[in-house]
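The values are calculated or read from the model by the stated rules, or taken from the named source; none is laboratory data. Please read these numbers as outputs of a predicted model, since none were measured by experiment. Every residue, glycine as well, gets a Cβ built from its backbone with ideal geometry; the counts of neighbours run over all protein chains shown. To get the accessible areas, we keep the full protein, side chains included, count just its heavy atoms, and leave off ligands, DNA and RNA. Shrake-Rupley method; radii C 1.70, N 1.55, O 1.52, S 1.80 Å.
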Amino acid sequence: MIINKQIFFVFFAFFILHFSALAQTEQKGVVIEISEDGQKVPLPNVEVVAANAGSTVTNEKGEFSLSFRTLKPGDRITFRRIEKAGYEVLNPDILTNLFVSRQEEKIFIIMIKSDVLKDRRVNYLSKAREKVNAEKISEEKTLKSFVSKGLITQENYQKKLVELKNFYEDQLERIDSYLDRIVRIDPFDVSEQEKEVLELAQQGDFESAIAKYEEMNLIEAYKEQQTSMQRLKQSKDKIQEARKEKQENLGQLVNQIHRQIDLLYVAGGKENISKAEQMLKSVADSDPTQASLQYDYAKTEFHQNHLDEAMTYVNRGFNATDCNDTITALLHVLKGEIYSKKDMMNESLTELFAGLGILNAIRDRREVAHPVLSERATTHASIAQNYARMNNIDEAMRYFGFADEQWAILMREDSVAYVRNYSDMLVDYGRVLMLARNTVLAENYLNKAVVLTKQIAETSPGRYTGKLAAAYNNLGYYYRTQKNYSLSMEYLQKAEKTYLQAVNVNPETYYGPLLDCYMELSLLNSLQGTHDDAMMYVEKGFDVVNTQLKQQPRLYKERLARLKTIKATAYWYNKEYKKALDSYIDSTEEYKKLYEESPDIYRHNLAHSWLYVGICYEKLGDMEQAMASYQKSVEVDPIQEALDKIMEIQGYK
């Protein structure tokens, strides 16, 4: 049979095109080890797994080859795993910015023995702690001399000591994140000048290291490069090679500046921290086109509780021309956190969901690096906390569940890096589980939170002493709801003792939670019929409210309303119904003010407050006032208890 020539050529063309489409893109690479003596040597037997390419193992020369099924030159490479027992990637952040080469260039991955990295970290940490403690002792001596010379009063001296302790404890906690970046610096990726800086820092001579950095005048060099870059952008000929070189120089300078900032934070001290923050601001101001620079400074200001300044730079980040998906997501999340601190819950949720949507899209594109996964978990937890504050327990449960799943995955891969985030989430999730009456899971998570937080608090006091107190407090609350009053008392007393340690370190943060613990102890004593002890804790609570919280207006008003409710409850259980009524009326007045400011947050509280007023009137035989109170409760929020009371009075029950 003679085959038509046209049909043959069509078939042949299809055949060639089909198998050309199946051709794979190959990317070669090398895994290098930085040895204990600081040399670079090839690392064999490393498993390298990348999305769209499967798994391969490095040969004796450390070489590997990835065959991508559909990726093309210029596409981002997503590594799933780079693994050899006893080793870890020196700088995993770099892996998120590797692309299939357009010119068959090899990619290089640097690894280091885990023990070597650990030794580096221990060395830096011990030197940093020595310096911070020495500076703290020096400042304490200066304060003491001021007292002896009559320059400050004894009372003011004690206050300054607490502030000093708080500042340095906070510094020691913050060292960890900056330290991790310093110990992961590739010595072959820095200039000879910076090598000298790192050697000085490793020896604990932070002052000389910082002085060396200051001699390099990196901020001015960055500004000059930025100005030069802008001129090139505006020139008509737009010399590509010159622009590329300038851009690379800018990137190197930014990396150097961030290493200097990390060292300033690790070295500690008020002057160094002030320098670090000023450097972040200078870099952000000098190049408003870089969203990541605006974000870095905004994040720092957020942690300093400078919310308006943080918001200004977040908005500048959105307006920057160089803003990728990841930074856009992080800007939305940070904006949501700022709104949350301002009690603007709906605005907060809008921003958090916007950020989460972008993070989900990054995940769906399989660009899954650990920073994105951890940010996604953190964002789910933040959304859950907002819903919990708005008394939407079902949604809070749902989003804590998402966060829990993601932190569990991250914990399996690197428990050291994520244990603090995970323990924080467990404390909050356990509380919500209790409110949802999921008692089995609640007890499990709360006990897990105590164990993990206790481990961290032993090695990192300060903030985690307060977190441990919160874990104890939540477990005490749980056992009270289960009517296991002896265990409840045990954990609440542990919480009280631990909170008293925490307020010595950070009074501004932990006096509010200490007051919550006093209120729990008062309620527990009321339930056990020990009225005098219940009132003792009420009085302790009023002492905290009136002496410690007035400088924090929102916290003061919220805790005052709750404390008056607890006082009323103590009278109720002691069958002093008139006193209970008066106190419930007082707390209702406080909740009315809060409701006017933030209805989404305090609607539920005000409705219950009116309900309790009605119950007291009913107990005292004043059914008209009782009915009016129940109706006011329903007008604010139609809670079932108030509806039932109205129907009962009207004869429907």
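A few notes on this one:
- Sequence-distant lysines (8 or more away, or on other chains) whose Cα lies within less than 16 Å of LYS578: LYS564, LYS567, LYS619
- From the alpha carbon centroid of the stretch 395-458 to that of the stretch 311-338 is 28 Å.
- Over the chain, Cα pairs under 8 Å with separation of 6+ residues give a relative contact order of 6 percent.
- Reachable lysines from LYS127, criterion Cα separation under 17 angstrom, eight or more residues apart if same chain: LYS118, LYS136
- With contacts taken as Cα pairs under 8 Å and at least 6 residues apart, the stretch 581-652 reaches a relative contact order of 27 percent.
- Taking the stretch 283-442 and dividing mean pair separation by its residue count, relative contact order in percent (alpha carbons under 8 Å, at least six apart): 14
- Candidate residues TRP610, TRP407: accessible-area rank, largest first, probe 1.4 Å: TRP610, TRP407
- Cα centroid of the stretch 82-160 to Cα centroid of the stretch 569-611, whole Å: 48
- Extension gain, GLN552-VAL451: 0.36 nm per intervening residue step, less the Cα-Cα distance, totals 33.2 nm.
- Measuring nothing but alpha carbons in the chain and taking Rh as the Kirkwood radius, the Rg to Rh ratio lands at 1.05.
- Summarising the label geometry, the points placed 7 Å from Cα in the beta-carbon direction at THR321 and TYR157 lie 6.0 nm from one another.
- Taking all pairs of distinct alpha-carbon atoms in the stretch 548-599, Kirkwood radius in angstrom: 11.3
- In a simple Cβ point-charge model (Lys, Arg +1; Asp, Glu -1; nothing else charged), the chain has a dipole of about 600 debye relative to its Cα centre.
- Sulfur and carbon atoms: percent of accessible area, the chain [1.4 Å]: 50
- Accessible surface, 1.4 Å probe, highest first, among residues CYS616, CYS323: CYS323, CYS616
- Under 14 Å of direct C-alpha separation, and excluding same-chain neighbours fewer than eight residues apart, LYS494 reaches these aspartates and glutamates: ASP516, GLU520.
- Database remark: amide H of ILE152 closer than 5 angstrom to the amide H of VAL147 (H placed geometrically; neighbours at sequence offset of 5 or more, or on other chains; Pro and chain starts carry no H).
- Gain in span if fully extended, ASP532 to VAL440, counting 0.36 nm per residue against the direct Cα distance: 29.8 nm
- Full extension of the chain segment joining VAL41 with GLU105 gains 21.1 nm, where the gain is 0.36 nm per residue of separation less the Cα-Cα distance.
- MRE, 222 nm, helices only [DSSP H, n ≥ 4, -39500 (n - 2.57), over the chain, to nearest 500]: -25000 deg cm²/dmol
- In the stretch 571-613, Rg over Rh equals 1.06, where Rg is the alpha-carbon radius of gyration and Rh the Kirkwood radius from pairwise Cα distances.
- Over the C-alpha atoms of the stretch 424-556, the Rg to Rh ratio, Rh being the Kirkwood estimate, stands at 0.97.
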